[in-house]
Structures are given as C-alpha cells and as structure tokens.
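Written out below as structure tokens is the structure these notes cover.
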Amino acid sequence: MALYDLGRSTEADAAFATYLEFATDNTAWGIAKAYAWTGRNDEAFDAIYQAASQEQLREDGEVVRWNPIYISLACTIHEHRL
C-alpha cells in the first residue's frame with residue numbers, strides 16, 4: 001500500500017500479485033483492505049464476502065462501514081448490502 005501511495009503503481013501491483021500467490025484462506029480480510037486502499041472496489045467486496053464467509057468479519061458489515069481504509073467503498077457500500 002505504501003508503494004501505491006508513493007505513486008509506484010507498477011511496483012505495487014507486482015508486490016500485491018506476489019502476495020496473492022502466497023495468500024491463504026485466512027488472509028481474505030487483508031486482501032480486502034489492499035483492494036479497497038487502491039480503489040479496486042469490486043475486488044474488495046469479493047474479498048470482504050470471502051472474509052465474511054470465513055467468519056473473519058461481523059455479519060452486519062459494521063467493521064467495513066466505519067473503517068477509514070474503506071473510504072473508497074463508501075459510495076458503493078449500499079449496493080452490496082453490507
């Protein structure tokens with residue numbers, strides 16, 4: 001996420017791709033955060049749903065609604081019924 005914030009998106013994408021290669025089922029919540037941070041809302045919601053299905057997230061989605069990492073999702077959160 002730091003590389004993304006520094007404007008080094010190519011490096012950020014490569015690092016994230018490497019992370020995804022080694023990600024386990026228990027990392028869905030972290031993956032959701034990374035997608036949300038970089039504005040990839042659809043992918044973030046997919047990972048949030050995966051985290052919820054693995055009970056890594058409260059069913060009502062309250063953690064997502066008030067977490068500043070998910071600011072980029074604010075406009076679309078009602079569409080996904082969290």
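Computed from the coordinates by the stated procedures, all read-outs in this text should not be read as laboratory data. Since this is a predicted model, take the numbers as computed values, not measurements. Here the Cβ is made from the backbone with ideal geometry for all residues, glycine too, and neighbour counts use every protein chain on show.
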(request) Give the long-range amide H neighbours of Ala23: residues separated by 5 or more places, or on another chain, with amide H under 5 Å away, using H modelled in the peptide plane at 1.01 Å from N. (result) none
(message) Please give me the summed charge of the neighbours of Ala34: other residues whose Cβ is under 15 Å from its Cβ, Lys and Arg +1, Asp and Glu -1.
(response) -4
